[in-house]
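These notes concern the structure reproduced below.
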């Protein structure tokens, strides 16, 4: 079993549970709505407020998605089956990260227009750069998130714990994402906050490397 | 340290000696701070907080650094004593980190005219505190055999934030924390004495805390 097989299995599990996906999107949409009402009706700095709202909504929706993907596996004994099928821990981790990344990307794709409409920000020319920034942020989120979700598997109140541990670890990524999104929507370019792209890339590489080294141990511990 | 035996005599003796030395040094450093070190011209007596604040910050870094090293040692050797060192050091690190977080605002109120400001080192240190608080919550909520492995993995992952706290003053512009401080001879001597005092205090507390782990392990083996 390769990492692609693991990712396909996870995506299939998500796709079968359409009700959960719909709830996830509804959840992030209502977060955007609540915050836009709180900031509005006249926005002081629409780009800044919209950027913070978008990434806050993505974070909380992401935490739900991450725990759900592990729960599904726990309920059906899928984790053991994947290991019996001969997948090494490295492939399992990367496969899961890829699946989580795609899930987060789906939430991003559907939350972005909502935030754009409610705050009246964003335009087509900056969209490709924004997608690049989002890819960088969500890849790091998926890597760190998969690592922490695996660590929190055996715990009670894991959504709570995941938020407590994951959010502080993601701070460099999140500040970077908010700053770049704000710069794009306010000025049309990420040039003024270019350094944050480097910070985000370092956070991505660190998350992937740490998780790749430690995932086998976490897996052994949860057996 | 053999797990089956109760703490040996030399360990207890060493602990007592260290405690005596630590208390003498702490008393000496307080005396030096009160009488030997001059009163700073601009800030007045409030400046003397530095003799608690800076040593506590240094001990926090040492303690979390030891947690990191001991966590690696546990994962490679699987010996309970390394897990005990990591957990004990992390607990003490938390105590010193709390001292830093309490003494910092007291200083800031006088020096910067505010209790709290979103300044890089303050922010990153607070994040560090929350993360290591999460370490204790995770460790306390796990009772299975996986507890040691999971805490060790966390001890490694969380350490990533330490260099960020350390370097935050240089990386982010607009930091209020001084990069280096010019001090008079008496001030520097008092600060060095305070550092030595709190490091020995930490070592003494570590010996006592490890003794407790030792007794616990021996009791668990007998049960």
Next item on the list: Scan region B:108-125 residue by residue and report those that are surrounded by fewer than 12 Cβ atoms within 10 Å (Cβ to Cβ) and within 24 Å of the chain's Cα centre (by Cα).
Entry: B:115, B:118
Next item on the list: Might you let me know whether region A:118-138 holds any residue that is within 14 Å of another protein chain (Cβ to nearest Cβ) and within 17 Å of residue A:63 (Cα to Cα)?
Entry: no
Margin query: Given the criterion surrounded by fewer than 24 Cβ atoms within 10 Å (Cβ to Cβ), in contact with a helix residue (DSSP H, G or I) (Cβ under 6 Å, 6 or more places away or on another chain) and within 9 Å of another protein chain (Cβ to nearest Cβ), identify the matching residue among A:147, A:155, A:208, A:161.
Written below: A:155
Checklist line | Enumeration of residues in region A:107-140 that are crowded, with 19+ Cβ neighbours inside 10 Å and out of contact with any helix residue (DSSP H, G or I) (no Cβ under 6 Å at 6 or more places or on another chain) | finding: A:112
Next item on the list: Considering (1) crowded, with 16+ Cβ neighbours inside 10 Å; (2) at pLDDT 85 or above, say which one residue A:215 fails and leave the rest.
Entry: (2)
Next item on the list: Filter region A:172-190 down to residues that are modelled with pLDDT under 85 and in a helix (DSSP H, G or I) and give me whichever is surrounded by the fewest Cβ atoms within 10 Å (Cβ to Cβ).
Entry: A:187
Notebook entry, point to check: Which ones in region B:155-169 are in contact (Cβ under 8 Å) with a residue 60 or more places away in the chain and at the interface with chain A (Cβ under 9 Å from one of its Cβ atoms)?
Noted result: B:156, B:158
Item checked: Of all residues making up region A:9-23, the number that are assigned to a helix (DSSP H, G or I) and free of Cβ contacts under 8 Å to residues at least 60 places away in the same chain -> 8
Checklist line | Conditions (1) surrounded by fewer than 21 Cβ atoms within 10 Å (Cβ to Cβ); (2) within 12 Å of the chain's Cα centre (by Cα): number failed by residue A:104 | finding: (1)
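The values are calculated or read from the model by the stated rules, or taken from the named source; none is laboratory data. If you're wondering where the values come from, they're calculated on a predicted model, not measured in any experiment. No Cβ is skipped: glycine too gets one built from the backbone with ideal geometry, and neighbour counts run over all protein chains shown.
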